[in-house]
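Everything below concerns the one structure shown next.
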Amino acid sequence: MPSDLYASDLWVFGYGSLIFRADFPYAEKCPATVDHWARRFWQGSSDHRGTPNYPGRVVTLVTAPDLVCWGMAYRIAANQVAEVLDHLDYRERGGYERLELPLNIEGKQVVTGLAYNATKGNPDYLGNTDADSLVRQISTAHGPSGPNREYLLKLEASLKAHGVTDDHVFELADKLRALESGRSV
């Protein structure tokens, strides 16, 4: 990060729980997208939606040359950047690192912003597996922040409320409901 980062406002891009649970002060909130990235349930969560013995699954960004990831951008006032980043660094401590990205802010220009991203190099990274296995793990994991299924369903509801389609999230949510109703996945 540039050393002058705290001298100006900062945009933070939320693509998972930050869409439905922005628990930090912000000056502005706008829909935004990042090109060439996709949201995937490939990160383990042993601190929020699971435990060390049975991690849940939460989203991270993965490179996807032909896709665009929708999310919410939050403009943090310069005088609150240090406080908000300290909070988010703690909240996203389970394998996430800051990633600087160009954000396409709806109704505005492209701005540089931060996203928290988990990559293969962190110990909680679980990677890709088939959708049925993901759903079985999500359906039974539970951690200090609540059931993993709640995270998936809140993310799905938030995306739908904004008119956004995400095939990965929607497939998992549909499979979760099928599993919970006794239909096979």
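Readers should treat all values here as calculations from the given coordinates under stated rules, not as data from a laboratory. Being a predicted model, the structure only gives us computed values, none of them experimental. Backbone-built Cβ (ideal geometry, glycine too); neighbour counts: all protein chains shown.
Remarks
- For the chain, the longest principal axis of the alpha carbon atoms and the long axis of helix 148-161 meet at an angle near 60°.
- The residue list 176, 123, 161 was ranked by how far each Cα lies along the charge dipole of the chain toward its positive end, using unit charges on Cβ atoms, and 176 comes out on top.
- Nearest-0.05 FRET efficiency for residue 20 and residue 77, computed from C-beta distance (R0 22 Å): 0.50
- Net charge over other residues, Cβ less than 12 angstrom from the Cβ of residue 146 (K, R count +1; D, E count -1): +3
- Label-point separation in nm, residue 150 to residue 125, each point 7 Å along Cα→Cβ: 2.9 nm
- Calculated FRET value between residue 53 and residue 108, using beta carbons and R₀ = 45 Å, to 0.05: 0.50
- Approximate spin-label separation residue 164-residue 8, in nm, with each point projected 7 Å along Cα-to-Cβ: 2.5 nm
- Panel note: the C-alpha atoms of the chain, placed on their principal axes, show extents of 53, 33, 27 Å (largest first).
- FRET efficiency for the pair residue 86 and residue 30, taken as 1/(1 + (r/R0)^6) with r the Cβ-Cβ distance and R0 = 30 Å, rounds to 0.80.
- Relative to the longest principal axis of the Cα atoms of the chain, the long axis of helix 81-91 makes an angle of roughly 20 degrees.
- Against the main long axis of the alpha-carbon atoms of the chain, helix 167-180 sits at an angle near 40°.
- Euclidean distance between Cα centres, the stretch 143-169 to the stretch 1-64, Å: 13 Å
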